[in-house]
Structure formats: C-alpha cells, structure tokens
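Heads up: the structure comes next, in structure tokens.
All of the numbers you see were taken from the coordinates with simple rules; none came from a lab. Being a predicted model, the structure only gives us computed values, none of them experimental. A quick note on method: Cβ atoms are made from the backbone with ideal geometry, for glycine too, and the neighbour counts reach across all protein chains shown.
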Amino acid sequence: MRLLIGGDGEIGAAAFRALKAAGTPVAATTRRADGAGPERPLLDLAAPLEDWQPPAGTRSACVLAAVARLADCAADPVRSAHINVTQTLALIERLIARDVHIVFVSTNQVFDGSAPHVAADAPACPVSEYGRQKTRAEARLKQLMGAGAPVAILRLSKVVSPGMALIAGWIEALIAGKAIRAFADMTMAPTPTGLVVAAIAALMADRRAGIFQLTGPRDVTYAEVGRFLARRLGADVGLVAEGSATAAGLPAGASPPYTTLDSSALGRLYGLEVPDAWEVIAGVDARLAATG
C-alpha cells in the first residue's frame, strides 16, 4: 500500500490517479470530511495526531501536505511552522516507527538561489520563511536517515500541470489582444507534474533512501515565458509588459536568480530528465501544441 499525505493538491491528486491506473494499492489523505473514504483517509495536519493511524498495509508514504505559499509562511510563521515542521515530523516519526518508508517532498527554497544546479549535499542557506521551515524538517530527517531510517527527501522547484491557471490566463489574454504583465526578475525551471509523479512512484516502489532533486535544466524568467507564449500564438510580443517581483512587494525568497538543482541522481537511477523549459511550457496547454 502506498500512502499520499496531501491528496487534495495537484501533485498528490496526479500521483493518486497514476498509481491507481498502474494497479498499485494507494490511498491519499484529505482534509475534507465530506470527501473522506477508504481510499481517502481523513487527515488534517493542524489537528492532534495521537489517534491517527495509517491504512493497514502501508509500506511507503509520500508527504506532500504543507503550507507552501511563501506569503502565508511569512505572514504567520508560528502557525505554518507548527504544520510544516512540528506536526509533519511527528507524523513522519509515527510512520517510521511502523516501518513505513518516507518520501518527503521539499523545495529549492532551502537554498538562496544565488547559483544554478545546486548539489544535493550543498549546505542549506534559505532566505524565505518557508525555506527555513523545510530546512528544519530536512535536518531532522537527515538525522533519522543517519540512524538507518528509510527516508528519501525529494526537492522540487516550479512544477507545472496541464491547464496551469497562470499560463491559461495569459493565453486567453494574448489571443484576445490584451496586455499581460510578467515579472522580469522572477525565474522558473519548469518541471512537468508527470515527471514528478514518476519520481515519487519510483522512490516509493524501491523504498529508496537519500536526497534527490528534480528541476528543469535551466531557468527562464516569467517575462520570457510571456514572450514565448506570444510568439507561439502569433500574438504581438509587445503585449507582454515586464513587471518586477521586488517592486510588487513579494516576500523574501520569492525571486531567486536561479531555481535549478542538480537532478542527475534521478537521471542515473530512473532515466528521469526534465526537458527544456520551452518544451515543458508548450505542453501545458493544447492551444500551444496546436500552433507548434
């Protein structure tokens, strides 16, 4: 049995569908009481965990649930740390005590983004509150790994899904001849959800331990993404107005120069390699593929 902690999010929902389609016994937790059932056990990380039990036969669990918005963590560091650090670690340690393998989904935010392709064993240097919380959780998990616990840390940066709202909105505006504003000082190294799900599935199946990373091979700015969309759609590139994340008052860490991480370990183990940024972006919306 595979258990996804956080089945309401995009990655958790996609992983649930993929594992089900492959015939793998899987359950994915939900915070919504009206959606709970045998395959959707109820779990709220903000609530007490003492009486919570994983589904019978659980052999591996992927921990996706978190307060992941940088602004939310910065606005309420106490509440977000309670969920992202205290409760998450309490849950993981309960699972490890039952010999459940753990895949902990982390982030490029554990680094400051000053250099590209950061190695998995590089020292943490977070700038954002979210990054500091993930770093604290990772530090404890590394201790557990050192003691022989079956734990894998999987760091991601920008994950893009089919129908991504931001890109869909930009496409609609550009097709209608309307201007869009895109940050010139915010970057992404886009990774498709399908590859993230494949990495999670492989690590869970092998009960693999260690630190792994998966990002696109290079960074592009959001303004560059906007111009790529305009060209792909045959729209006026002049409709893409450059904005500034710094001027917009985004929280610390929101616009690192680089978001790429060294993803070579997953390539060697499973052949997982993220395509170039434009190939990933073009696969987000059928309207882009149709014009290719």
query: Just D219, D276, D51 to compare: in a GNM of the chain, with alpha carbon springs under 10 Å, which one fluctuates most?
result: D51
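What Kirkwood hydrodynamic radius, in Å, does the range 225-292 give when the mean of 1/r is taken over all pairs of distinct Cα atoms and then inverted? Present the calculation step by step, with values, prior to reporting the outcome.
On the way: mean 1/r = 0.0670 Å⁻¹.
Mean inverse Cα-Cα distance, inverted, gives 14.9 Å.
Rounded to the nearest angstrom and ordered from largest down, what semi-axes does the equivalent ellipsoid of the range 1-148 get from its C-alpha gyration tensor (root of 5λ)?
On the way: eigenvalues 134, 60, 50 Å².
For the range 1-148, the semi-axes come out at 26, 17, 16 Å.
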field: Kirkwood Rh, angstrom, the range 65-127 [1 / mean 1/r, Cα pairs]
entry: 13.5
message: Largest first, please: the extent of the C-alpha atoms of the range 113-206 along each principal axis, to the nearest Å.
response: 59, 32, 21
- request: Starting from the Cα of D206, step 7 Å toward the Cβ, then list every residue of the range 225-267 with an amide N under 18 Å from that point.
  value: 262-267
query: Where does helix 88-97 land angle-wise versus the long Cα axis of the chain, in degrees 0 to 90, nearest 10?
result: 40
field: Estimated vicinal HN-Hα couplings, Hz - the range 103-115 in sequence order (Karplus 6.51, -1.76, 1.60; Gly, Pro = x)
entry: 10, 9, 7, 10, 8, 5, 5, 6, 10, 8, x, 7, 9
- request: Calculate the length of the line joining the C-alpha centroid of the range 165-180 to that of the range 227-292, in whole Å.
  value: 15
Shape of the range 181-259, Cα gyration tensor, a/c cut at 1.5: oblate
query: Once Lys and Arg get +1 and Asp and Glu get -1 on their Cβ, which of G131, A115, Q143 lies farthest toward the positive end of the dipole of the range 108-149?
result: Q143
field: Contact order relative to length of the range 155-292, as percent, for alpha carbon pairs under 8 angstrom and 6 or more apart
entry: 38
- line: Any GluC sites (Glu not before Pro) in the range 1-106 that lie in a DSSP loop and have at most 10 other Cβ atoms within 10 Å would be E50
- line: Residues whose built amide H sits under 5 Å from the amide H of F212, excluding neighbours closer than 5 in sequence, are I153, L154, R155
message: If you consider only alpha-carbon coordinates, what radius of gyration and Dmax does the chain have, in Å?
response: 19.3, 59
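Taking the radius of gyration and the Kirkwood hydrodynamic radius from Cα positions alone, what is the Rg/Rh ratio for the range 142-292, to two decimal places? The partial results should precede the final answer.
On the way: Rg = 17.7 Å, Rh = 16.8 Å.
Reported Rg/Rh, Kirkwood definition of Rh: 1.05.
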Interchain or long-range residues, amide H under 5 Å from V103's placed H: A61, C62, V63, A152
query: Mean residue ellipticity at 222 nm from the helices of the chain, using -39,500 (n - 2.57) per DSSP H segment of n ≥ 4 over the full residue count, to the nearest 500 deg cm²/dmol?
result: -10500 deg cm²/dmol
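Run the dipole for the chain about the Cα centre, Lys and Arg Cβ at +1, Asp and Glu Cβ at -1, nothing else charged, and hand back the magnitude in debye, nearest 20.
Details: 28 positive and 27 negative charges, 83 e Å.
Roughly 400 debye, rounded to the nearest 20.
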